[in-house]
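Notes to accompany the following structure.
Quick note: the coordinates plus some simple rules give every number you see, no bench work behind them. Here the structure is a predicted model, which means the values were calculated and not measured. Neighbour counts run over all protein chains shown; Cβ positions are idealised from the backbone, glycine included.
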There are 2 protein chains.
Amino acid sequence: MRIAVLGTGSVGRALAGRLAGLGHEVTVGTRDVRATMARDEPDAVGNPPFRTWLESTAGVTVATMADATTGAEVVVNATSGAASLDALAAAGEDNLAGTIVLDVANALDASGGMPPALSVSNTDSLAERIQRRFPTARVVKALNTMNAAVMVDPSRVGGGDHTVFLSGDDAGAKAVVRDLLTTFGWSDIIDLGDITTARGPEMLLPLWLRLFSTLGTPVLQFKVVR
Amino acid sequence: MRIAVLGTGSVGRALAGRLAGLGHEVTVGTRDVRATMARDEPDAVGNPPFRTWLESTAGVTVATMADATTGAEVVVNATSGAASLDALAAAGEDNLAGTIVLDVANALDASGGMPPALSVSNTDSLAERIQRRFPTARVVKALNTMNAAVMVDPSRVGGGDHTVFLSGDDAGAKAVVRDLLTTFGWSDIIDLGDITTARGPEMLLPLWLRLFSTLGTPVLQFKVVR
């Protein structure tokens, strides 16, 4: 498939690299290609410069948000939650019409201190905001409840014996995302229901952040035991 | 130990019965003893009348919130989240001074429809509200992330291989609660930190409610895989 991954951070890189490795045609979307490629310092969380990563990753190209998204069958929103609506607007409403938008972002808000709270929760969610803003996109929420390395390789923790959630209004879009997750190695995939069910997985983040702190590792995951 | 369990619903009954079975001296607190004992119809969720349950449960007595709490070493808040502050106020601020308050409640708010949202979340929690309202109480949040039957017998799901969380400012109170949980059969007990960390487990409820609906059973639990 032709896939756009919006976002050049840890999450975007993990997903783009894995998808390309699986044979998909992957373009990473960024606001300013020249600026992104010109950076020669590690980013805020210590990732090597994007260009360094790109040069060492086969099968991935970089383009503007709009160029990356044009003709893509799946658009992955791997931007920060605060930037997601702007990034998707830059991708272009026409480009998103009928397109699967896999939203893996979290609406973290550190303005009140650490650990971050959520800027939207409880009676709304980032996924719902995206779906409302782009009503013809086929938004699916998934993978937001874990570290990037675990997203693309669930065997990284507990032999892969844990759970990923799907939320979305479009059954066909969820089926495509389910297939992608299966190729990543996921087996316990729970479809929670429509896009409003994304509130639950998004509201897992505060617990995840505390567990990261308490356990001293981001390589942790939730399993729904039943 | 002498333990007060505030609340006569499924959660209060499960905890009171289990604690009495373990040899503790248990009194269930209710607002109006006469009214509680006079009911002869099943409650809103189909539990038998309280008196029927009480008569078949050895070692449990019933009293007003204040009488149940007087002299108790541990007070379990098993009331609904909306009623919790009033119930604890009825128990009496003096009775709660220095006392361990095990808060298992959830601040569910169905005023906007089903499934319920939370009436407090994200930047605050029910446990924090209780701790602020009763600053000399030693509040510990635990057990709110599961069905009552699983709280008191974790082996009911997945052979007990799943996780319960502790949050609270008082290390001694958390140690007492940890010991109680161990006697219930809990082995994977994660101390998240101070009382503000209760936001995480409280924010699990929206996901739990959706899973209950999707999986068709409330006998489900979260395991932190690491």
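Just checking the listed ones, B:Ala35, B:Ala127, B:Ala72: in the Gaussian network model of chain B with Cα springs under 10 Å, the one fluctuating most is B:Ala35. Across the copies of the chain, B:Ala63 has label points (7 Å from Cα along Cα→Cβ) spaced 7.4 nm apart, shortest distance listed first.
Classify the stretch B:22-94 as rounded, prolate or oblate, taking a ≥ b ≥ c as the square roots of the eigenvalues of its Cα gyration tensor: rounded when a/c is under 1.5, otherwise prolate if a/b is larger than b/c and oblate if not.
Values: a/c = 1.87, a/b = 1.27, b/c = 1.47.
Oblate, because a/c is 1.5 or more while a/b does not exceed b/c.
Counting every pair of alpha carbons in the protein assembly as shown, the share spaced more than 32 Å apart comes to 42 percent. Tell me whether the stretch A:94-226 comes out rounded, prolate or oblate; compute the Cα gyration tensor, take square roots of the eigenvalues as a ≥ b ≥ c, and use a/c under 1.5 as the rounded threshold. Verdict is oblate for the stretch A:94-226. Build a GNM of chain B with springs between Cα atoms under 10 Å apart, and of B:Gly12, B:Gly172, B:Gly159 the one that fluctuates most is B:Gly159. Distance from the Cα centroid of the stretch B:87-118 to that of the stretch B:169-194 is 19 Å (rounded to whole angstrom). Across the stretch A:2-215, Cα pairs under 8 Å and at least six residues apart give a relative contact order of 18 percent. In terms of other Cβ atoms within 10 Å, A:Leu96, A:Leu143 run from fewest to most in the order A:Leu96, A:Leu143.
Here the dipole of the stretch B:106-156 is about 200 debye; that uses its Cα centre as origin and unit charges on the Cβ of Lys and Arg (positive) and Asp and Glu (negative). Inter-copy label distances at A:Arg51, shortest first and taken from points set 7 Å along Cα to Cβ: 8.3 nm.
To the nearest 500 deg cm²/dmol, what mean residue ellipticity at 222 nm is calculated for chain A from DSSP H runs of n ≥ 4 alone, each contributing -39,500 (n - 2.57), summed and divided by the residues? Write down the numbers at each step before the final one.
Working: 11 runs with 83 residues, N = 226.
Helix-only estimate at 222 nm: -9500 deg cm²/dmol.
When B:Arg178 is represented by a point 7 angstrom out along its Cα-to-C-beta vector, the spacings to that point in the other copies are 4.2 nm, nearest first. If R0 is 25 Å, the Cβ-Cβ spacing of B:Ala66 and B:Val45 corresponds to a FRET efficiency of close to 0.40.
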